[in-house]
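Asker: Encoded as structure tokens, here's the structure I'll be asking about.
The values are calculated or read from the model by the stated rules, or taken from the named source; none is laboratory data. Just so it is clear, the model here is predicted, and its values are computed rather than measured. Note that we place each Cβ from the backbone using ideal geometry, even for glycine, and neighbour counts take in every protein chain shown.
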Amino acid sequence: MNAPTEPALLLAAASDHEAAVARLCAALDAAFDACSTPDDPSRCPHFARAMRAALTLALHDAALVTPTQREGCATRYRRHLIAACPQGRYTVAALVWLPGQASPIHAHHTWCGYAVLEGTLTETLYRWDTARDGATVLRSHARAAGAVAFGGRGRAGIHRLSRAVGDAAGPCVSLHVYGVQAEEIATGVNDIVPLVPLVPLVHLHAA
């Protein structure tokens, strides 16, 4: 039996990718169909659970992100469009992180969820300080491959994703689902917020 030719292998890979994207979109569409709060899906517990389940399934679908969609950029993390809902309800993107790259500190204008497909990211969480009109650091933790998160819009969920400067491991890829149409992915998702420094403790000494 002759080995498959290169064009045949490429066609098979493309077919596998399209099937993987279709499976993910079907899971996302089902989450919307069962959502009881369409104006803000993140307020529906069933939608949140279904979104996390869809992202968990995506973790095990190797064909979902193609080799081209795993390519990074030397100057900043790179975003690759994976799928967009025809009704504009969501957009799916793969983000590729090289060592030392990070997102800005941000909240969200819309609901969103993500899963770490490969590598390890650090997620730093922040609290909005109304009096000082900025964000202060709460804590950081590692988000290794397999991690899944989902959250709603607003400044109760300020965070930053980053990859360590000295991380010499292979590619770091995360999958993100945003509640916007594809044309709004660059402007309608992140609410970038300023960081305010910690107030130093003042030590009072007895006279």
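Asker: With the structure loaded, tell me whether Ala20 is modelled with pLDDT of 95 or more, under 15 Å from Cys112 (Cα atoms) and buried (at least 16 other Cβ atoms within 10 Å of the Cβ) or whether it fails that test. Lay out the reasoning, then the answer.
Answerer: On the way: modelled with pLDDT of 95 or more: yes; under 15 Å from Cys112 (Cα atoms): no; buried (at least 16 other Cβ atoms within 10 Å of the Cβ): yes.
It is false that Ala20 is modelled with pLDDT of 95 or more, under 15 Å from Cys112 (Cα atoms) and buried (at least 16 other Cβ atoms within 10 Å of the Cβ).
Asker: Tell me yes or no: at least one residue of the range 74-87 is surrounded by 20 or more Cβ atoms within 10 Å (Cβ to Cβ), farther than 16 Å from Val189 by Cβ and not basic (Lys, Arg).
Answerer: No, because not a single residue in the range 74-87 is surrounded by 20 or more Cβ atoms within 10 Å (Cβ to Cβ), farther than 16 Å from Val189 by Cβ and not basic (Lys, Arg).
Asker: Let me ask another. Pairs please, first residue from the range 17-33 and under 16 Å from His60 (Cβ atoms), second anywhere and acidic (Asp, Glu) and surrounded by 16 or more Cβ atoms within 10 Å (Cβ to Cβ), Cβ atoms under 6 Å, 6+ apart in sequence or on different chains.
Answerer: Ala20/Asp61
Asker: Give the residues of the range 127-148 that are over 17 Å from the mean Cα position of the chain (by Cα) and either in a strand (DSSP E or B) or without any contact (Cβ under 8 Å) to a residue 60 or more places away in the chain (or both), sorted by residue number. Quick ask: steps written out before the conclusion?
Answerer: Within the range 127-148, the first condition is being over 17 Å from the mean Cα position of the chain (by Cα), and the residues that meet it are 127-139.
Those that are over 17 Å from the mean Cα position of the chain (by Cα) and either in a strand (DSSP E or B) or without any contact (Cβ under 8 Å) to a residue 60 or more places away in the chain (or both): Arg127, Trp128, Asp129, Thr130, Ala131, Gly134, Ala135, Thr136, Val137, Leu138, Arg139.
Asker: OK, next. Can you confirm whether the range 39-52 contains a residue that is within 17 Å of the chain's Cα centre (by Cα), at pLDDT 95 or above, part of a strand (DSSP E or B) and within 20 Å of Gly188 (Cβ to Cβ)?
Answerer: Checking the range 39-52: not a single residue is within 17 Å of the chain's Cα centre (by Cα), at pLDDT 95 or above, part of a strand (DSSP E or B) and within 20 Å of Gly188 (Cβ to Cβ).
Asker: What pairs can you find where one residue is in the range 62-76 and in contact (Cβ under 8 Å) with a residue 60 or more places away in the chain, the other is among the charged types (D, E, K, R), and their Cβ atoms are less than 7 Å apart, with a gap of 6+ or different chains?
Answerer: Sorted first by the residue in the range 62-76, then by its partner, the pairs are Gly72/Arg78.
Asker: From Thr122, Thr56, which residue is of a type in the set (Ser, Thr, Tyr), part of a helix (DSSP H, G or I) and modelled with pLDDT of 95 or more? Break it down stepwise before answering.
Answerer: Working: Thr122 fails: part of a helix (DSSP H, G or I).
After applying the criteria, what remains is Thr56.
Asker: Can you tell me which residues in the range 77-92 are out of contact with any helix residue (DSSP H, G or I) (no Cβ under 7 Å at 6 or more places or on another chain) and without any contact (Cβ under 8 Å) to a residue 24 or more places away in the chain?
Answerer: Of everything in the range 77-92, those that are out of contact with any helix residue (DSSP H, G or I) (no Cβ under 7 Å at 6 or more places or on another chain) and without any contact (Cβ under 8 Å) to a residue 24 or more places away in the chain turn out to be Arg78, Pro86, Gln87.
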